[in-house]
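Read-outs: derived from the displayed coordinates by stated rules, not from any lab. Predicted, not measured: the structure shown is a model, and the values here were computed from it. In this analysis, Cβ positions are derived from the backbone assuming ideal geometry, glycine residues included, and neighbour counts consider all displayed protein chains.
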Amino acid sequence: MTLRPCYHCTLPVPPRGRFVASVLGEAREFCCPGCQAVAHAIVAGGLESYYLHRSEASVNPQVLPSPSADEQALFDRPDVQAPFVRHDTPSGDVAGDVAETTLMIEGITCAACGWLIERHLRRLPAVVEARLNLSSHRLHLRWHDQPLPLSEVLSELRGIGYAAHPYQADAATERLALENRRSLRQLGVAGLLWFQAMMATMATWPEFNIDLSPEMHTILRWVAMFLTTPIVFYSCAPFFKGALRDLRARHLTMDVSVSLAIGAAYLAGLWTAVTGVGELYFDAVGMFALFLLSGRYLERRARERTRLATEQLVNLLPASCLRLNADGQTERVLTDQLRLHDHVLVHPGAMLPADGRIIAGCSSIDESLLTGEYLPQPRQVGDAVTAGTANSESVLTVEVLALGDDTRLSAVVRLLERAQSEKPPLAQMADRAAQWFLLISLVLAACVGVVWWQLDA
């Protein structure tokens, strides 16, 4: 029996469940109440043409984060909004302050999602501007937050099948993004111009037996020179800057040898292009630069992935939790507001906000993201639990015993950061040996070059 695909997310429609909604004048079947509710919201907003324009299936809303109403209400508090919401009061604006923020959107699959999000938000009377960057999935939003709290904006996005959370980019992330864009530009320039310089240079090789006039030969030499010049002075600029910095510090590194090789080959090719005597080396310069830049870019991306993996450990902590007061009632508070010996209520599926001890309940704790153990571990009254792990089965009451930098999770993060910043003794010894190896190689190369220069003369 072939199962029909859900009209919203294309997952199979269960044979016993029948969730139907009218979309584009026809009855459509859905796999779950979540997809049906999202379709109802899209149709009610007059945006059902989204289904005609989309090029990819939508994300099933059940796989997106689903914060509770009291969790979303925390985003309406001024102290919570302070890091990521800006306010201004336009002159003559009777609607009050205009708030401005950037949200990260989850669930985007194609350009039609951007159209749907922008159109839906712009129809809200309090929204001044809604603009989505499809490449980064960031939504720039300006709205009057007095009639429309931020929590309601998040609910509106959730209603049409998208999850949103505040975007806060630190200086390190922005700097890495800038370096990546610069590296890609330098890599692109080197790759594009090297192929053109290679074709111009290969035409002058005697092995190809191409009958070129002296004028055409001269033109090709100059074309190769002009194509290689941006590679040397733009794409290879990081090598020259690094070599100059290392020489000032009296430290020999690979940047020094790379800069000498590229500079010497470029000058030799320049002499040949001007005088017509000798061999062109512009193709070798471009190829060498392209391979080195590719290696450095891949190395930078690997370091960035390692840094992001460390940051994900920090993000295991929930932004808020349920604290039990003296009367046994629960209140939603920020994790930063917890104090030692507070009692917190942890529901199934929730992350533990701090290290502590179970004082009521029995459950299994998923520690896979912290320890690598994929099976949930049973825990009962009196057992210790760790911040950043997930409660799997039943409700637990936990007494807070460690917070912030004193938690086991913070200790793991510190160890990872230390391992990334420090070199092992063997690597330090290899660096010292490499300096002498590089010096000896440069001296030998210079001596061999002088000898052969005299012999050729």
At 7 Å along Cα-to-Cβ for each site, give me the label-to-label distance between residue 301 and residue 20 in nm. 4.9 nm
Over all directions, how big on average is the projection of the convex hull of the alpha-carbon atoms in segment 173-311, in square nanometres? 9.9 nm²
I'd like the Kirkwood hydrodynamic radius of segment 229-270, using the inverse of the mean 1/r over distinct C-alpha pairs, in Å. 10.4 Å
Dipole of the chain, Cα-centred, from +1 at each Lys and Arg C-beta and -1 at each Asp and Glu C-beta, to the nearest 20 debye? 680 debye
Quick one: if you stick a label point 7 Å off each Cα along the C-beta vector at residue 179 and residue 69, how many nm between them? 4.7 nm
Extension reserve of the residue 106-residue 55 stretch, reckoned as 0.36 nm per residue once the Cα distance is removed: 16.6 nm
Whole percent per 10 Å bin, from 0 to the bin with the longest distance: what is P(r) over all C-alpha pairs of segment 252-315? 20, 31, 22, 15, 8, 4, 0
What do you get for Rg/Rh over segment 363-444 if you use C-alpha atoms and the Kirkwood form of Rh? 1.35
Segment 299-439 - convex hull of alpha carbons, volume per residue in Å³: 133 Å³
Taking R0 as 25 Å, what's the FRET efficiency between residue 279 and residue 254 from their Cβ-Cβ distance, rounded to 0.05? 0.45
Principal axes first, then extents: for the Cα atoms of segment 64-168, list largest minus smallest coordinate on each axis, whole Å, largest first. 39, 28, 22
In nm², the average projected area of the convex hull spanned by the Cα atoms of segment 1-140 is 10.7 nm²
From zero outward in steps of 20 Å, how is the percent of C-alpha pairs of the chain spread across the bins? 17, 36, 30, 15, 2
Once the Cα gyration tensor of segment 119-162 is diagonalised, what are the square roots of 5 times its eigenvalues, in whole Å and ordered largest first, as equivalent ellipsoid semi-axes? 17, 12, 9
Projected onto the charge dipole of the chain (unit charges on the beta-carbon of Lys, Arg, Asp and Glu, signs +1, +1, -1, -1), the Cα from 227, 84, 72 with the largest positive-side position is that of 227
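Shape of segment 100-218 from its Cα gyration tensor (a ≥ b ≥ c, root eigenvalues): rounded if a/c is under 1.5, otherwise prolate when a/b > b/c, or oblate?
Numbers: a/c = 4.60, a/b = 3.34, b/c = 1.38.
Prolate, since a/c reaches 1.5 and a/b exceeds b/c.
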What Kirkwood hydrodynamic radius do you get for segment 6-63 when you take the inverse of the mean 1/r over all pairs of distinct Cα atoms, in Å? 11.4 Å
For a protection proxy built on the mean count of beta-carbon atoms within 10 angstrom, sort 178-189, 40-51 highest first, please. 40-51, 178-189
Which of 155, 286, 434 sits closest to the plus end of the dipole of the chain, meaning its Cα is farthest towards the positive end, when Lys and Arg get +1 and Asp and Glu get -1 on the C-beta? 286
Kindly state, to the nearest 0.05, the FRET efficiency for residue 455 paired with residue 207, given R0 = 25 Å and r defined as their beta-carbon distance. 0.50
